[in-house]
Structures are given as C-alpha cells and as structure tokens.
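Right, one structure below, let's go through it.
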Amino acid sequence: MSKTPRIRIPPEVRKYVFQRDKYQCKSCGKTSIETDLTIDHIIPLARGGQNDISNLHTLCWICNQQKSDKSDHQFRRHFES
Ligand SMILES: [Zn+2]
C-alpha cells in the first residue's frame, strides 16, 4: 500500500495548533509533559483533507498510531474543542 504524500507542516503552524489545543492530546487528554505530541490531520489527506489549521489537531503519538490503525468513524475524539 502506498501512502498519500504529505506536505511538511511549517513549525509556526505546528506551534499554533499545539498552543490552541493547550499542548494536550485531543483524544486521551495527555499533555506534552506526559507524552510526545504530534500534529494530526482530522480529515486525512487521502480523503480530501487539507493542510489547513482548521483540519489539524493535537494527538499524542499513541493515539495517532491507534487512529491510523482504524477507519475514521471508529475513532472518536473525547476532548472536543
Ligand atoms: Zn492521546
């Protein structure tokens, strides 16, 4: 299986998303102190998602991995902004 190419998210955008989400995973609520945080596309690029701030949110790497293992409607965000 080939992956959809991703545009690298600029550092200032990453910082903005982290700050907006208060450095907290949007799924499990862990913070940057407890785990490593990543930027995730809410709507995957493969499904027409954009590299836009409104389509980006903070996930820890564990939730990010779990999300990629599941289809999107099975993945639920417990911490809606
Ligand atoms: Zn998490």
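What follows is calculated from the coordinates using simple rules that are stated; it is not laboratory data. Model, not experiment: these values are computed from the prediction. In this analysis, Cβ positions are derived from the backbone assuming ideal geometry, glycine residues included, and neighbour counts consider all displayed protein chains.
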Q. When Lys and Arg each count +1 and Asp and Glu each count -1, what net charge do the other residues less than 11 Å away from residue 56, Cβ to Cβ, add up to?
A. 0
Q: Can you spot the aspartates and glutamates whose alpha carbon is less than 14 Å from residue 67's alpha carbon? Ignore those fewer than 8 places along the same chain.
A: 40
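Compute the signed sum of charges (Lys and Arg +1, Asp and Glu -1) over the other residues within less than 15 Å, Cβ to Cβ, of residue 31.
My count for the surroundings of residue 31 gives +1.
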Q. With the dipole of the range 11-74 worked out from charges on the C-beta (+1 for Lys and Arg, -1 for Asp and Glu) around the Cα centre, which of 38, 54, 64 lies farthest toward the positive end?
A. 54
**Q.** Size of charge dipole - the range 11-74 - debye, nearest 20, with Cβ of Lys, Arg +1 and Asp, Glu -1, no other charges
**A.** 100
